[in-house]
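Worksheet: the structure to be examined is printed underneath.
The values are calculated or read from the model by the stated rules, or taken from the named source; none is laboratory data. This is a predicted model, so every value here is computed, not measured. Cβ: placed from backbone, ideal geometry, glycine included. Neighbour counts: every protein chain shown.
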Amino acid sequence: MSAVEGTPFVDRRATRAVIDLDAFANNVRLVRSRLAPRVDLMAVVKANAYGHGARLIARTAIEAGASDLGVATVSEGVQLRRFGITAPILILGSITSEEAELALRFDLTVTIADDLALAAVARAARGIGGTQPAAIQLKVDSGMRRFGASPEQALALAATIAADPHLSLSGIFSHFASADDPMATSTREQGERFRALLNEMTERRLTPHRIHIANSAAMLTATDRHENLVRSGIALYGLQPSPRVPLFSGMRPVMGLRSQVARVFSLAAGDAVGYGGTYRAETAGRAALIPIGYADGYRRGLSNRGWMAADGWRLPVIGRVSMDQTIVAIPPEASLTVGSGVSVMATDPDDLAPTADTIADLLETISYEIVAGISARVPRHFMRGGNVVAIESIETGLVEFS
Ligand SMILES: *Cc1c(COP(=O)(O)O)cnc(C)c1O
């Protein structure tokens, strides 16, 4: 065996995302406690749990009281099944005909919105010939104009499913376009269109077990739209769906970003820093190299705009963020050396580093894109009771410590 093969590896990279599983579990419990008992909670864990690490987040969600999980793709669902998750998993997005059989074999509930997809799933269900009919859900477009059958099509699809012994309609759902804006009139209109369809389905005895339309924003603001399940993503990660939609009190962010100073160096007045020399030092001073860049999801738009924090000081980003490295200015009074810990994204209001929301504001985007954009190269350190209980990295996969 070569030395390379024989050497166990744990990713100890300075740059890391710290995932507070206690904060996540607490958020799930707080949401659960605010829902009526008849309303189930689906934790949306697509996109690697919005960058937080889908496997441990999914397991924690179920332990803390979520009943269902939502993912976007078949491979995301398969990853959770291979990890031993047995809770119902709904694939929220469209699938190809080629994916239908795989989805059913892994007991993933697929979402159907047209005849073609339904035919592919029916074929796959017949082919597998399982003892239970394959569970599928119908997606209805109540006005967002993205993914979903029209209400009329939905009725026809539901009738086709009811007539097929290999299929069972386990749910029907829709999605709000503007629930994060409490003033939007479209939310009420969409809710009413969805309700009208449900009434027709009831008349035809086609109503499935699960009925849902609320995302985090609607879950937080519109209790009359909870139906019998809410699908929550962003709120469970402790982030507001929008500045106008506050979280329930006590909910807090789950993901922080940390790094370490890799190099300290001095700048003379007039020195230009980084690609393109876009920052020029006005006076002599010190700078630090931080090993994080846009390939980690630390976006290039933060060049000369973002900041980090250490030792009670703000460290402004100077020059361009490059693929793997960023330079920050060190205030004269700060005592930073190689190895000093740096906070890149804060979870704690006392931390001077920007939160995911602040970074999103700087970049004119939403926190969803910031956390989901933290790349796989950044190892995730999962915390419980103040200890690192697992590390996930590209090279090792998920390693849990007992
Ligand atoms: C992503 C997604 C959600 C979760 O939205 P949040 O705003 O993060 O709560 C809910 N439903 C569907 C269909 C989604 O795609």
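Identify, from the list S94, S67, S33, the residue that is of a type outside the set (A, V, I, L, M, F, W, C) and closer than 20 Å to S249 by Cα.
S33
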Can you tell me which of A113, A61 is more than 18 Å from S170 (Cα to Cα) and within 16 Å of the ligand (Cβ to nearest atom)? A61
Breaking point among (1) over 26 Å from L236 (Cβ atoms); (2) touching a residue at least 40 places away in the same chain (Cβ under 8 Å), for T355: (1)
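Somewhere in region 299-313, is a residue polar (S, T, N, Q), farther than 22 Å from G233 by Cα and surrounded by 23 or more Cβ atoms within 10 Å (Cβ to Cβ)?
No, there is no match, as no residue in region 299-313 is polar (S, T, N, Q), farther than 22 Å from G233 by Cα and surrounded by 23 or more Cβ atoms within 10 Å (Cβ to Cβ).
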Among the candidates V328, V338, single out the residue that is over 18 Å from Y237 (Cα atoms), buried (at least 21 other Cβ atoms within 10 Å of the Cβ) and of a type outside the set (S, T, N, Q). V328
Picking from V344, V273, the residue that is under 28 Å from Y237 (Cα atoms), touching a Leu at 6+ places or on another chain (Cβ under 9 Å) and among the aliphatic types (A, V, I, L, M) would be V344
Those residues of region 136-145 which are of a type in the set (A, V, I, L, M), within 14 Å of the ligand (Cβ to nearest atom) and either over 23 Å from the mean Cα position of the chain (by Cα) or buried (at least 20 other Cβ atoms within 10 Å of the Cβ) (or both), in sequence order: L138, V140
Need a quick list: strands (runs of 3 or more DSSP E) entirely within region 38-124 having at least 1 residues that are under 18 Å from the mean Cα position of the chain (by Cα). 40-44, 68-71, 89-91
From the list A376, A372, pick out the single residue that is at pLDDT 95 or above, surrounded by fewer than 16 Cβ atoms within 10 Å (Cβ to Cβ) and under 20 Å from A58 (Cβ atoms). A376
So, restricting to strands (runs of 3 or more DSSP E) that lie completely within region 312-402, which ones have at least 2 residues that are of a type in the set (D, E, K, R)? 380-384
Residues L56, L69: which one is touching a Phe, Trp or Tyr at 6+ places or on another chain (Cβ under 6 Å) and surrounded by 22 or more Cβ atoms within 10 Å (Cβ to Cβ)? L56
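Quick check on this structure: which one of I19, I85 is out of contact with any Cys (no Cβ under 6 Å at 6 or more places or on another chain), among the aliphatic types (A, V, I, L, M), farther than 24 Å from P246 by Cα and more than 14 Å from the ligand (Cβ to nearest atom)?
I85
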